[in-house]
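Enquirer: Have a look at the structure that comes next, please.
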């Protein structure tokens, strides 16, 4: 047996007990539970409320306080006399029972969590489930390391150890060791009530709290710089003219959503809706916490009048008759359909024609530089007399042409066509 590579079972048991006295098994268990809780709550993010409550409650409200107590009280018995030549910053001067350690673990956990909250508030990550879980896990691992170092620095005789067998026997005796059956029943009811209360509080605090659920619908247009703004809708369009706009849908429903966008043209008479016409229908799939945009271009069918372009949003299906009342979200804008009047009204003239007439008048009044051949020949009286004969004389000539010719010859004035007579210098 001496040459065998293995050792007797009795030797392994002795070494296992010796190793158990050296290694703090309770702290190793706390570190292992912290890793499991981090995987369940942070990495895998298990959605089961029962699992999250069973793992999260001790992880948040017992582990931080337990590692703090283990760091501050590594000894089973307090220090009687300070050792000469060895000066410690922290020395345990008070012994704690297991019940006191459990109560302090629960209370200190509530004291540590707000401090971790202040640290998280100073970071840019914010208060989310993974961030809180990671912060508690880091504190627990660091606290376990410090508690292990402190406990290993204590002599093995004075070192605190958790004897699980004795603790279970003591708990069993406390619950079921009563003299009467009634006292045992009362103890069992009290234990179950405490477990139920702890589980309920743990579920309320650990389970993910759903925020406000809503969907936002926006009607936008693109401005000159290419940005989307909630304005710029066309107030007036021509018949058969298209109207472009953008529909924005923001999903805060805590899950991926499928929406249907229905665009209607609604016509009113005396403030009452008399006709609705569906112009377009589009399906959108929007992820949680995101905003998607879809371009829309519709052409109203109305030839003339004011219409309302309504956008109706429906999640998970559309009713047979989409209306404002049954829509999950709705938005709209008004526009007027009218023909542009490009003709000139009767009896009027355009500005261009007026300008053209003025130009023709100016060109007719302005000569090309030759001048009037009769300027300076006749004096003002003769010119005035000639102007007076040029107007009404023509009308009189139609009625009595012979008399007018005779009178003109008698007075020595030139008859019609006298302008053609050459004038001597």
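Enquirer: Residue 297 - would you say it is over 24 Å from the mean Cα position of the chain (by Cα) and surrounded by 14 or more Cβ atoms within 10 Å (Cβ to Cβ)?
Expert: Numbers: over 24 Å from the mean Cα position of the chain (by Cα): yes; surrounded by 14 or more Cβ atoms within 10 Å (Cβ to Cβ): no.
For residue 297, the condition - over 24 Å from the mean Cα position of the chain (by Cα) and surrounded by 14 or more Cβ atoms within 10 Å (Cβ to Cβ) - is not met.
Enquirer: Which number in (1) crowded, with 16+ Cβ neighbours inside 10 Å; (2) closer than 21 Å to residue 277 by Cβ marks the one condition that residue 236 misses?
Expert: (1)
Enquirer: Kindly indicate which of 152, 146 is over 20 Å from residue 37 (Cβ atoms) and surrounded by 12 or more Cβ atoms within 10 Å (Cβ to Cβ).
Expert: Exactly one of 152, 146 is over 20 Å from residue 37 (Cβ atoms) and surrounded by 12 or more Cβ atoms within 10 Å (Cβ to Cβ), namely 152.
Enquirer: Does residue 20 fit the bill of being in the same structural domain as residue 129 (by TED's automatic domain parsing), modelled with pLDDT under 90, under 25 Å from residue 159 (Cα atoms) and surrounded by 11 or more Cβ atoms within 10 Å (Cβ to Cβ)?
Expert: Details: in the same structural domain as residue 129 (by TED's automatic domain parsing): yes; modelled with pLDDT under 90: yes; under 25 Å from residue 159 (Cα atoms): yes; surrounded by 11 or more Cβ atoms within 10 Å (Cβ to Cβ): yes.
So residue 20 passes the test.
The values are calculated or read from the model by the stated rules, or taken from the named source; none is laboratory data. Nothing here was measured: the structure is a model prediction, and the numbers come from that model. Virtual Cβ from ideal backbone geometry, glycine too; neighbours counted across all protein chains shown.
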